[in-house]
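As C-alpha coordinates, the structure follows; a few thoughts come after it.
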(Lines give C-alpha, C1' and ligand atoms only; values in the text may rest on other atoms or scores of the structure.)
Protein backbone atom coordinates (compact mmCIF):
# COMPACT_ATOMS: atom_id res chain seq x y z
CA UNK A 1 0.00 0.00 0.00
CA UNK A 2 1.26 3.53 -0.75
CA UNK A 3 2.14 5.86 2.09
CA UNK A 4 -0.87 8.00 2.96
CA UNK A 5 -0.79 11.55 1.67
CA UNK A 6 -2.09 14.25 3.97
CA UNK A 7 -5.09 16.24 2.74
CA UNK A 8 -5.79 17.78 6.17
CA UNK A 9 -7.61 20.10 6.78
CA UNK A 10 -9.66 19.24 3.69
CA UNK A 11 -12.22 16.44 3.71
CA UNK A 12 -13.45 16.59 0.07
CA UNK A 13 -12.63 17.79 -3.43
CA UNK A 14 -15.36 19.30 -5.62
CA UNK A 15 -14.99 19.19 -9.41
CA UNK A 16 -16.80 22.34 -10.54
CA UNK A 17 -17.61 22.60 -14.23
CA UNK A 18 -19.81 24.40 -16.74
CA UNK A 19 -22.29 21.64 -17.55
CA UNK A 20 -23.98 20.81 -20.82
CA UNK A 21 -27.13 19.26 -22.31
CA UNK A 22 -27.43 15.49 -22.54
CA UNK A 23 -30.19 15.33 -25.14
CA UNK A 24 -32.14 17.51 -27.62
CA UNK A 25 -34.80 18.44 -25.05
CA UNK A 26 -32.10 19.79 -22.73
CA UNK A 27 -30.54 22.25 -25.18
CA UNK A 28 -32.81 25.29 -24.84
CA UNK A 29 -33.30 24.93 -21.03
CA UNK A 30 -29.53 24.63 -20.69
CA UNK A 31 -28.97 27.78 -22.76
CA UNK A 32 -31.63 29.56 -20.68
CA UNK A 33 -29.57 28.71 -17.60
CA UNK A 34 -26.38 29.99 -19.23
CA UNK A 35 -27.95 33.28 -20.36
CA UNK A 36 -30.30 33.88 -17.42
CA UNK A 37 -30.88 37.58 -16.78
CA UNK A 38 -29.80 38.73 -20.24
CA UNK A 39 -33.28 38.78 -21.79
CA UNK A 40 -32.38 36.65 -24.82
CA UNK A 41 -35.51 35.41 -26.67
CA UNK A 42 -36.14 31.66 -26.86
CA UNK A 43 -36.04 31.77 -30.68
CA UNK A 44 -32.52 33.17 -30.54
CA UNK A 45 -31.52 30.42 -28.11
CA UNK A 46 -32.84 27.83 -30.57
CA UNK A 47 -30.57 29.35 -33.23
CA UNK A 48 -27.58 29.20 -30.91
CA UNK A 49 -28.51 25.65 -29.99
CA UNK A 50 -27.92 24.46 -33.55
CA UNK A 51 -24.31 23.76 -32.58
CA UNK A 52 -25.60 21.21 -30.08
CA UNK A 53 -28.29 19.81 -32.37
CA UNK A 54 -25.55 18.95 -34.90
CA UNK A 55 -24.26 16.52 -32.28
CA UNK A 56 -27.61 15.06 -31.28
CA UNK A 57 -28.22 17.71 -28.60
CA UNK A 58 -25.51 16.17 -26.43
CA UNK A 59 -22.52 18.08 -25.12
CA UNK A 60 -19.45 15.89 -24.61
CA UNK A 61 -18.44 17.81 -21.50
CA UNK A 62 -20.44 15.71 -19.05
CA UNK A 63 -18.92 12.39 -20.13
CA UNK A 64 -15.51 14.06 -20.11
CA UNK A 65 -16.08 15.16 -16.53
CA UNK A 66 -17.14 11.64 -15.60
CA UNK A 67 -13.89 10.35 -17.09
CA UNK A 68 -11.92 12.95 -15.14
CA UNK A 69 -13.72 11.97 -11.93
CA UNK A 70 -12.72 8.35 -12.52
CA UNK A 71 -9.13 9.36 -13.23
CA UNK A 72 -8.94 11.49 -10.08
CA UNK A 73 -10.43 8.80 -7.86
CA UNK A 74 -8.06 6.18 -9.27
CA UNK A 75 -5.02 8.40 -8.89
CA UNK A 76 -5.94 9.36 -5.32
CA UNK A 77 -6.48 5.71 -4.36
CA UNK A 78 -3.26 4.59 -6.05
CA UNK A 79 -1.26 7.21 -4.13
CA UNK A 80 -2.91 6.88 -0.74
CA UNK A 81 -4.81 10.17 -0.79
CA UNK A 82 -8.00 9.58 1.18
CA UNK A 83 -10.17 12.35 -0.23
CA UNK A 84 -13.64 11.82 -1.74
CA UNK A 85 -14.33 13.59 -5.03
CA UNK A 86 -17.72 15.15 -5.89
CA UNK A 87 -18.99 16.84 -9.04
CA UNK A 88 -21.23 19.88 -9.52
CA UNK A 89 -22.04 22.12 -12.52
CA UNK A 90 -22.92 25.76 -12.90
CA UNK A 91 -25.54 25.32 -15.63
CA UNK A 92 -26.81 21.72 -15.70
CA UNK A 93 -27.22 18.61 -13.61
CA UNK A 94 -25.61 17.71 -11.34
CA UNK A 95 -26.14 21.30 -10.17
CA UNK A 96 -23.60 22.91 -7.85
CA UNK A 97 -26.15 23.73 -5.13
CA UNK A 98 -27.44 20.16 -5.05
CA UNK A 99 -23.92 18.78 -4.81
CA UNK A 100 -22.95 21.14 -1.99
CA UNK A 101 -26.14 20.20 -0.15
CA UNK A 102 -25.19 16.53 -0.52
CA UNK A 103 -21.66 17.23 0.72
CA UNK A 104 -22.97 19.02 3.80
CA UNK A 105 -25.37 16.16 4.53
CA UNK A 106 -22.41 13.77 4.39
CA UNK A 107 -20.45 15.85 6.87
CA UNK A 108 -18.00 17.65 4.59
CA UNK A 109 -16.80 20.84 6.26
CA UNK A 110 -13.57 21.84 4.43
CA UNK A 111 -13.93 21.61 0.67
CA UNK A 112 -11.34 22.21 -2.04
CA UNK A 113 -12.69 23.19 -5.45
CA UNK A 114 -11.18 22.26 -8.82
CA UNK A 115 -12.63 24.45 -11.57
CA UNK A 116 -12.34 23.17 -15.13
CA UNK A 117 -10.62 26.37 -16.22
CA UNK A 118 -6.86 26.78 -15.93
CA UNK A 119 -6.52 30.54 -16.37
CA UNK A 120 -7.48 33.81 -14.70
CA UNK A 121 -10.52 35.65 -16.05
CA UNK A 122 -13.99 36.65 -14.93
CA UNK A 123 -15.71 33.78 -16.75
CA UNK A 124 -12.95 31.29 -15.92
CA UNK A 125 -12.55 32.05 -12.22
CA UNK A 126 -14.55 34.86 -10.61
CA UNK A 127 -17.87 33.68 -12.06
CA UNK A 128 -17.29 30.21 -10.60
CA UNK A 129 -16.61 31.87 -7.25
CA UNK A 130 -19.84 33.87 -7.57
CA UNK A 131 -21.74 30.65 -8.25
CA UNK A 132 -20.18 29.12 -5.14
CA UNK A 133 -21.30 32.13 -3.10
CA UNK A 134 -24.82 31.90 -4.52
CA UNK A 135 -25.06 28.21 -3.63
CA UNK A 136 -23.74 28.84 -0.12
CA UNK A 137 -26.33 31.58 0.33
CA UNK A 138 -29.05 29.10 -0.64
CA UNK A 139 -27.79 26.55 1.89
CA UNK A 140 -27.58 29.24 4.54
CA UNK A 141 -31.21 30.23 3.85
CA UNK A 142 -32.13 26.57 4.32
CA UNK A 143 -30.53 26.63 7.77
CA UNK A 144 -27.68 24.28 6.86
CA UNK A 145 -24.23 24.49 8.40
CA UNK A 146 -21.97 26.02 5.78
CA UNK A 147 -18.69 24.38 4.80
CA UNK A 148 -15.45 26.31 4.30
CA UNK A 149 -14.76 26.38 0.56
CA UNK A 150 -11.36 27.06 -1.02
CA UNK A 151 -10.38 26.98 -4.70
CA UNK A 152 -7.25 25.40 -6.14
CA UNK A 153 -4.88 27.85 -7.79
CA UNK A 154 -4.62 28.29 -11.56
CA UNK A 155 -2.76 25.35 -13.09
CA UNK A 156 -1.96 26.63 -16.61
CA UNK A 157 1.78 26.25 -16.01
CA UNK A 158 1.80 22.98 -14.08
CA UNK A 159 3.81 20.29 -15.93
CA UNK A 160 0.95 17.81 -15.55
CA UNK A 161 -1.27 20.18 -17.55
CA UNK A 162 1.36 21.10 -20.13
CA UNK A 163 2.95 17.73 -20.91
CA UNK A 164 -0.18 16.09 -22.37
CA UNK A 165 -0.61 19.09 -24.68
CA UNK A 166 3.05 18.97 -25.71
CA UNK A 167 2.58 15.33 -26.66
CA UNK A 168 -0.61 16.23 -28.50
CA UNK A 169 1.17 18.82 -30.65
CA UNK A 170 3.99 16.39 -31.38
CA UNK A 171 1.48 13.72 -32.44
CA UNK A 172 -0.36 16.20 -34.67
CA UNK A 173 2.86 17.32 -36.33
CA UNK A 174 3.83 13.70 -36.97
CA UNK A 175 0.41 13.14 -38.56
CA UNK A 176 0.93 15.89 -41.16
CA UNK A 177 2.26 14.93 -44.60
CA UNK A 178 6.04 14.81 -44.47
CA UNK A 179 6.48 17.42 -47.21
CA UNK A 180 4.67 20.13 -45.15
CA UNK A 181 5.57 19.07 -41.61
CA UNK A 182 8.75 21.11 -41.11
CA UNK A 183 7.07 24.32 -42.26
CA UNK A 184 3.95 23.93 -40.15
CA UNK A 185 2.89 26.76 -37.87
CA UNK A 186 1.34 26.29 -34.44
CA UNK A 187 -1.91 28.12 -33.65
CA UNK A 188 -2.56 28.03 -29.90
CA UNK A 189 -6.25 28.72 -29.37
CA UNK A 190 -8.33 29.83 -26.42
CA UNK A 191 -11.76 31.32 -25.80
CA UNK A 192 -12.04 34.92 -26.91
CA UNK A 193 -13.35 37.26 -24.23
CA UNK A 194 -14.13 41.00 -24.29
CA UNK A 195 -10.99 43.14 -24.23
CA UNK A 196 -12.30 44.88 -21.11
CA UNK A 197 -12.55 41.53 -19.29
CA UNK A 198 -9.09 40.49 -20.42
CA UNK A 199 -7.55 43.80 -19.37
CA UNK A 200 -8.89 43.42 -15.82
CA UNK A 201 -8.12 39.71 -15.42
CA UNK A 202 -5.94 38.57 -12.55
CA UNK A 203 -4.85 40.62 -9.54
CA UNK A 204 -4.90 44.42 -9.84
CA UNK A 205 -1.14 44.57 -10.44
CA UNK A 206 -1.60 42.41 -13.56
CA UNK A 207 -4.31 44.59 -15.06
CA UNK A 208 -3.47 46.24 -18.36
CA UNK A 209 -3.25 45.18 -21.99
CA UNK A 210 -4.70 41.66 -21.96
CA UNK A 211 -4.20 41.27 -18.22
CA UNK A 212 -3.29 37.94 -16.64
CA UNK A 213 -5.52 36.08 -19.12
CA UNK A 214 -3.29 36.83 -22.10
CA UNK A 215 -0.04 36.67 -20.11
CA UNK A 216 -0.83 33.20 -18.79
CA UNK A 217 -1.82 31.86 -22.20
CA UNK A 218 1.33 33.28 -23.79
CA UNK A 219 3.44 31.67 -21.07
CA UNK A 220 1.79 28.27 -21.61
CA UNK A 221 2.08 28.55 -25.41
CA UNK A 222 5.75 29.48 -25.18
CA UNK A 223 6.49 26.52 -22.91
CA UNK A 224 4.78 24.13 -25.31
CA UNK A 225 6.47 25.59 -28.40
CA UNK A 226 9.89 25.43 -26.71
CA UNK A 227 9.33 21.78 -25.73
CA UNK A 228 8.25 20.92 -29.28
CA UNK A 229 11.39 22.55 -30.66
CA UNK A 230 13.57 20.57 -28.25
CA UNK A 231 11.85 17.31 -29.23
CA UNK A 232 11.80 17.83 -32.99
CA UNK A 233 14.81 20.06 -33.63
CA UNK A 234 12.49 22.32 -35.66
CA UNK A 235 11.44 25.83 -34.67
CA UNK A 236 7.77 26.03 -35.60
CA UNK A 237 6.45 29.63 -35.65
CA UNK A 238 3.48 30.08 -33.33
CA UNK A 239 0.79 32.56 -32.33
CA UNK A 240 -1.92 32.79 -29.71
CA UNK A 241 -5.32 33.12 -31.43
CA UNK A 242 -8.93 33.04 -30.33
CA UNK A 243 -12.22 31.24 -30.95
CA UNK A 244 -15.83 31.03 -29.78
CA UNK A 245 -16.63 34.75 -29.75
CA UNK A 246 -20.26 35.25 -28.73
CA UNK A 247 -20.75 38.95 -27.96
CA UNK A 248 -22.30 41.98 -29.62
CA UNK A 249 -20.36 43.06 -32.75
CA UNK A 250 -19.67 46.59 -31.42
CA UNK A 251 -17.86 45.30 -28.30
CA UNK A 252 -14.12 44.63 -28.88
CA UNK A 253 -13.11 41.04 -28.18
CA UNK A 254 -9.68 39.42 -28.27
CA UNK A 255 -8.44 38.73 -31.81
CA UNK A 256 -7.45 37.28 -34.25
CA UNK A 257 -10.09 34.62 -34.72
CA UNK A 258 -8.75 31.19 -35.67
CA UNK A 259 -10.49 31.18 -39.07
CA UNK A 260 -9.11 34.63 -39.94
CA UNK A 261 -5.68 33.43 -38.80
CA UNK A 262 -5.85 30.39 -41.08
CA UNK A 263 -6.68 32.65 -44.02
CA UNK A 264 -3.76 34.91 -43.19
CA UNK A 265 -1.31 32.02 -42.89
CA UNK A 266 -2.50 30.51 -46.15
CA UNK A 267 -2.09 33.85 -47.89
CA UNK A 268 1.47 34.05 -46.57
CA UNK A 269 2.31 30.65 -48.05
CA UNK A 270 2.40 28.65 -44.81
CA UNK A 271 2.12 24.96 -45.83
CA UNK A 272 0.31 23.53 -42.78
CA UNK A 273 -1.04 24.37 -39.32
CA UNK A 274 -1.48 22.53 -36.04
CA UNK A 275 -4.31 23.98 -33.94
CA UNK A 276 -3.67 23.46 -30.22
CA UNK A 277 -6.63 24.39 -27.94
CA UNK A 278 -4.59 25.21 -24.84
CA UNK A 279 -7.40 27.27 -23.29
CA UNK A 280 -9.65 24.24 -22.78
CA UNK A 281 -9.38 21.34 -20.36
CA UNK A 282 -11.37 18.90 -22.52
CA UNK A 283 -12.69 18.40 -26.05
CA UNK A 284 -16.10 19.88 -25.31
CA UNK A 285 -18.55 21.57 -27.67
CA UNK A 286 -16.55 24.69 -28.41
CA UNK A 287 -13.55 22.59 -29.41
CA UNK A 288 -15.65 20.17 -31.47
CA UNK A 289 -17.66 22.86 -33.26
CA UNK A 290 -15.37 25.88 -33.53
CA UNK A 291 -12.22 23.91 -34.37
CA UNK A 292 -13.22 20.45 -35.59
CA UNK A 293 -16.15 21.78 -37.63
CA UNK A 294 -15.78 25.47 -38.55
CA UNK A 295 -11.99 25.88 -38.58
CA UNK A 296 -11.41 22.58 -40.37
CA UNK A 297 -14.02 23.55 -42.97
CA UNK A 298 -12.21 26.85 -43.51
CA UNK A 299 -8.88 25.02 -43.89
CA UNK A 300 -10.42 22.59 -46.39
CA UNK A 301 -11.80 25.54 -48.37
CA UNK A 302 -8.31 27.03 -48.46
CA UNK A 303 -6.61 23.74 -49.27
CA UNK A 304 -4.52 24.14 -46.11
CA UNK A 305 -3.51 20.95 -44.29
CA UNK A 306 -4.44 21.25 -40.59
CA UNK A 307 -4.44 19.00 -37.57
CA UNK A 308 -6.05 19.62 -34.18
CA UNK A 309 -4.15 18.45 -31.14
CA UNK A 310 -5.79 17.00 -28.04
CA UNK A 311 -6.70 18.72 -24.79
CA UNK A 312 -5.62 17.19 -21.47
CA UNK A 313 -8.99 15.58 -20.72
CA UNK A 314 -8.61 12.74 -18.24
CA UNK A 315 -4.92 12.15 -18.93
CA UNK A 316 -3.33 10.43 -15.89
CA UNK A 317 -0.67 13.16 -15.75
CA UNK A 318 -3.38 15.78 -15.32
CA UNK A 319 -5.01 13.74 -12.55
CA UNK A 320 -1.58 13.49 -10.89
CA UNK A 321 -1.18 17.26 -11.19
CA UNK A 322 -4.47 17.80 -9.38
CA UNK A 323 -3.34 15.45 -6.61
CA UNK A 324 -0.12 17.45 -6.27
CA UNK A 325 -2.08 20.71 -6.12
CA UNK A 326 -4.37 19.29 -3.44
CA UNK A 327 -1.46 18.15 -1.29
CA UNK A 328 0.32 21.46 -1.86
CA UNK A 329 -2.69 23.52 -0.76
CA UNK A 330 -3.33 21.25 2.23
CA UNK A 331 0.26 21.72 3.35
CA UNK A 332 -0.03 25.49 3.00
CA UNK A 333 -3.27 25.58 5.01
CA UNK A 334 -1.66 23.43 7.72
CA UNK A 335 1.47 25.59 7.94
CA UNK A 336 3.76 22.91 6.50
CA UNK A 337 6.64 23.72 4.17
CA UNK A 338 5.79 23.24 0.51
CA UNK A 339 7.39 24.17 -2.81
CA UNK A 340 4.70 24.94 -5.41
CA UNK A 341 5.29 23.34 -8.81
CA UNK A 342 5.14 25.69 -11.78
CA UNK A 343 7.03 26.14 -15.05
CA UNK A 344 7.70 29.27 -17.09
CA UNK A 345 8.23 32.91 -16.24
CA UNK A 346 5.12 33.63 -14.16
CA UNK A 347 5.59 31.15 -11.32
CA UNK A 348 2.78 29.66 -9.24
CA UNK A 349 -0.48 31.58 -9.09
CA UNK A 350 -2.00 32.87 -5.86
CA UNK A 351 -3.92 30.48 -3.61
CA UNK A 352 -6.50 33.08 -2.60
CA UNK A 353 -7.91 35.49 -5.17
CA UNK A 354 -7.22 39.04 -3.90
CA UNK A 355 -9.67 41.92 -3.80
CA UNK A 356 -10.06 43.42 -7.29
CA UNK A 357 -9.11 40.18 -9.06
CA UNK A 358 -11.12 39.64 -12.31
CA UNK A 359 -13.91 42.08 -11.33
CA UNK A 360 -17.45 41.70 -12.64
CA UNK A 361 -19.36 44.43 -14.45
CA UNK A 362 -21.96 44.27 -11.69
CA UNK A 363 -20.28 43.25 -8.42
CA UNK A 364 -21.63 40.11 -6.74
CA UNK A 365 -20.47 38.22 -3.66
CA UNK A 366 -17.81 35.62 -4.49
CA UNK A 367 -16.63 32.75 -2.31
CA UNK A 368 -13.07 31.38 -1.97
CA UNK A 369 -11.35 34.76 -2.15
CA UNK A 370 -10.04 37.55 0.05
CA UNK A 371 -13.40 39.33 -0.36
CA UNK A 372 -15.52 36.27 0.41
CA UNK A 373 -18.47 36.77 2.77
CA UNK A 374 -18.00 33.09 3.73
CA UNK A 375 -14.65 32.93 5.51
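Miscellaneous remarks
- Some residue of segment 198-205 being within 19 Å of residue 231 (Cα to Cα) and crowded, with 22+ Cβ neighbours inside 10 Å: no
- Residues in segment 314-335 that are in contact (Cβ under 8 Å) with a residue 24 or more places away in the chain, in a loop (DSSP other than H, G, I, E, B) and more than 30 Å from residue 60 (Cβ to Cβ): 334 alone.
- Residue match in segment 193-201 (condition: within 22 Å of residue 266 (Cα to Cα) and touching a strand residue (DSSP E or B) at 6+ places or on another chain (Cβ under 7 Å)): no
- Checked against the criterion of being modelled with pLDDT under 95 and within 21 Å of the chain's Cα centre (by Cα), the candidates 202, 247, 168 yield just one match: 247.
- The listed residue being in contact with a strand residue (DSSP E or B) (Cβ under 8 Å, 6 or more places away or on another chain) and either assigned by TED's automatic domain parsing to the domain that holds residue 275 or crowded, with 16+ Cβ neighbours inside 10 Å (or both), out of 352, 306: 306
- Selected residue (criterion: farthest from residue 188 (Cα to Cα)) from residues of segment 215-233 that are assigned to a helix (DSSP H, G or I) and without any contact (Cβ under 8 Å) to a residue 24 or more places away in the chain: 230
- Taking segment 31-86 as the range and being under 22 Å from residue 102 (Cα atoms) and part of a loop (DSSP other than H, G, I, E, B) as the test, the residues that pass are 82, 83, 84.
- Filtered residues of segment 252-285 (kept if in a helix (DSSP H, G or I) and either at positive phi or out of contact with any strand residue (DSSP E or B) (no Cβ under 7 Å at 6 or more places or on another chain) (or both)): 259, 260, 263, 264, 266, 267, 285
The values are calculated or read from the model by the stated rules, or taken from the named source; none is laboratory data. Since the model is a prediction, treat every value here as computed from it, not as a measurement. Backbone-built Cβ (ideal geometry, glycine too); neighbour counts: all protein chains shown.
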